[in-house]
1. What's the magnitude of the charge dipole for chain B around its Cα centre, counting Lys and Arg as +1 and Asp and Glu as -1 at the beta-carbon? Answer in Debye, nearest 20.
2. Test of understanding: ordering A:Phe71, A:Phe130, A:Phe191 by Cβ neighbours within 10 Å, fewest first, what list do you get?
3. In what sequence do A:Ser177, B:Ser33, A:Ser210, B:Ser208 fall when counting other Cβ within 10 Å, fewest first?
4. Quick check: pseudo-label points 7 Å beyond the Cα along Cα→Cβ at B:Asn262 and B:Gln212, how many nm apart are they?
5. Give B:Lys178/B:Lys244; B:Lys146/B:Lys191; B:Lys143/B:Lys240; B:Lys20/B:Lys178; B:Lys94/B:Lys146 a once-over and call out the pairs whose C-alpha atoms are over 24 Å from each other.
6. What helices does chain B hold that run 27 Å or longer along their axis, going by alpha-carbon atoms, with a Kyte-Doolittle average of -1.0 or more, using DSSP H for the helix calls?
7. I'd like the mean, over residues of B:220-228, of how many other protein chain beta carbons sit within 10 Å of each residue's own Cβ.
8. Compare B:Lys244, B:Lys94, B:Lys146 in a GNM of chain B, Cα atoms joined below 10 Å, and give the one with the largest fluctuation.
Amino acid sequence: MELPKAVNPQVDDNIQDAGLRIIAGHAEKLQAETPTQPLQTVPKAKNASGLVNPEELQRLSTRAILGGGLFLILSNIATILELMQDGFKALGIVFSIIPQQIPSWMIVTAIMIAVVAGNLLLGRFLYTRFTRHAISTHKVGAAVFLMLLGSVLILANASSVARLRPNLPRVTNELVSNLLRATAASQDGGFRTDYGSPTSREDAWTTAQSVQALLSRAHIHIKSGFVLVSITWIEITLDLVGLQIQWNLPMSALKSRPGCWLPT
Amino acid sequence: MEPPYVRTEISSWVLAAYLKAFRSGSIWSKTESTVVTARISGYLNELLAWQDRTGAWGPITDVAEPNDRTYATVVAVWALAEAEESPAIETDLKRKAGQSMQNAVDWLIRNYRPNYGWDQNPRQPGSDKFNGLNYQAMYALEKAEKIDGYNSFKNLRAYIELKSNFVETMEPMRIEEKTVVPSTDLNVGGKACWATFLGYPWSLAGLSELRQDPSLTSAERRKVRRVLRIELDEIGELPKYWEKGYTWALAETVIGVSYLSNAL
């Protein structure tokens with residue numbers, strides 16, 4: 001009786017297709033009926049008597065699937081971390097175990113090394129399987145395709161890593177650009193109480209806090225002339241009204257709400 | 001409606017902004033600097049004159065013990081610590097400011113309530129924590145600790161216990177965290193003295209200082225790092241949260257983020 005082709009010479013230790021497993025099981029049955037034709041091309045999947053062991057086959061294919069899955073996870077670790085970020089927030093303790101002394105660039109480098117290594121392993125794994133029966137031309141095509149796939153995965157993960165990091169310079173930049181809106185419509189350098197409203201009033205307290213904020217930032221260069229104009233505005237205001245708070249402002253427009261009147 | 005009145009906190013903020021600008025060294029020319037230092041000294045003298053004999057400041061210029069408040073004292077300590085480090089202040093005035101700062105720090109240490117923090121008005125103890133005020137007070141105390149010649153308080157048992165208790169009981173702040181002076185305490189010497197305390201920016205500033213504090217135990221430093229890491233997870237949300245709002249609140253947020261950036 002002739003053996004099914006699928007289990008004949010090309011079957012190796014990494015069979016992962018469920019259909020093949022069924023056929024292999026069937027082959028074992030057939031093998032038992034035809035002991036003179038052992039399955040010599042399935043060396044690691046044979047038992048002591050030279051017969052195919054279905055448990056061994058299942059174990060090997062599970063290992064292959066796990067290996068592929070592991071490489072896939074490793075090659076996308078940054079994207080996965082980003083997807084799990086909300087979960088990590090709830091479990092703040094997860095990130096707290098990383099000592100503060102470790103600079104963020106080291107963490108990022110470690111993640112990217114894992115991503116690149118994972119992509120190389122995944123590429124090699126897929127290449128082996130894609131090209132087993134392929135002719136040379138197809139092998140080149142598969143290699144090119146896998147390189148492209150790896151590049152895309154690495155770029156996607158690099159972008160995820162950038163989003164994972166608390167990017168303080170970017171956050172500070174965006175906050176400062178909002179803060180500067182408070183002086184956009186100002187003729188003389190004072191900061192308005194509401195940076196979203198061009199009609200809100202300029203105020204000495206708000207301006208002092210804003211100047212302090214601009215001078216505190218580490219990553220943004222503010223022209224000294226700009227600070228000088230704002231401070232001059234404070235000087236003029238203080239010369240006129242002293243350290244009095246401004247009136248007729250909307251509720252909570254200042255750190256202190258001056259419009260709140262109390263009977264005494 | 002009440003007539004306008006002076007808020008001492010404005011004086012402290014303006015003074016701190018001036019001192020910061022002067023220290024940057026690029027705002028005024030050498031000839032302008034003479035005028036500017038005179039002005040800064042004038043503000044400093046004005047602020048010193050409003051200190052109560054208890055060591056505290058009130059939000060208004062009527063100096064009396066019932067008007068003593070924590071926020072006014074905290075911002076004054078911050079401004080005085082800046083003055084001590086400034087080349088704009090003459091030695092005699094620095095000595096006077098240093099002594100004044102030390103008295104204010106003593107008042108803050110005396111009025112700390114274990115497992116609670118500071119009340120805005122120690123004569124009116126509350127139950128809800130003023131988180132933003134607590135963190136800003138801790139920030140100011142840490143700044144004052146660095147002023148040689150006026151920092152003997154850092155070896156006081158009461159101060160060491162205060163810091164331990166603060167770290168033990170502190171919690172991470174959310175971006176939206178804020179507390180206000182209760183309505184029962186709005187009236188200070190017949191004047192409405194509202195104030196809003198933001199938690200998030202001042203916790204960033206306070207924790208940035210605490211994480212470098214060599215007097216903390218390793219367990220306390222771990223707690224500081226853990227809380228800071230949880231807060232850092234939210235920092236990317238800041239630009240969206242502050243797309244619109246009041247300038248004072250945004251300015252304080254920029255200050256908190258900048259102090260953190262500088263410390264990392």
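1. On the way: 31 positive and 34 negative charges, 90 e Å.
In total the dipole reaches around 440 debye.
2. A:Phe130, A:Phe71, A:Phe191
3. A:Ser177, B:Ser33, B:Ser208, A:Ser210
4. 0.8
5. Exceeds cut-off: B:Lys146/B:Lys191; B:Lys143/B:Lys240; B:Lys20/B:Lys178.
6. B:30-49, B:91-110
7. Details: counts 0, 1, 4, 1, 1, 7, 6, 2, 2.
Mean number of neighbouring Cβ atoms from other chains: 3.
8. Checking each option, the largest mean-square fluctuation is seen for B:Lys244.
Read-outs: derived from the displayed coordinates by stated rules, not from any lab. Treat the numbers as computed from the prediction; the structure is a model and nothing was measured. Positions of Cβ are backbone-derived with ideal geometry, glycine not excepted, and every protein chain shown enters the neighbour counts.
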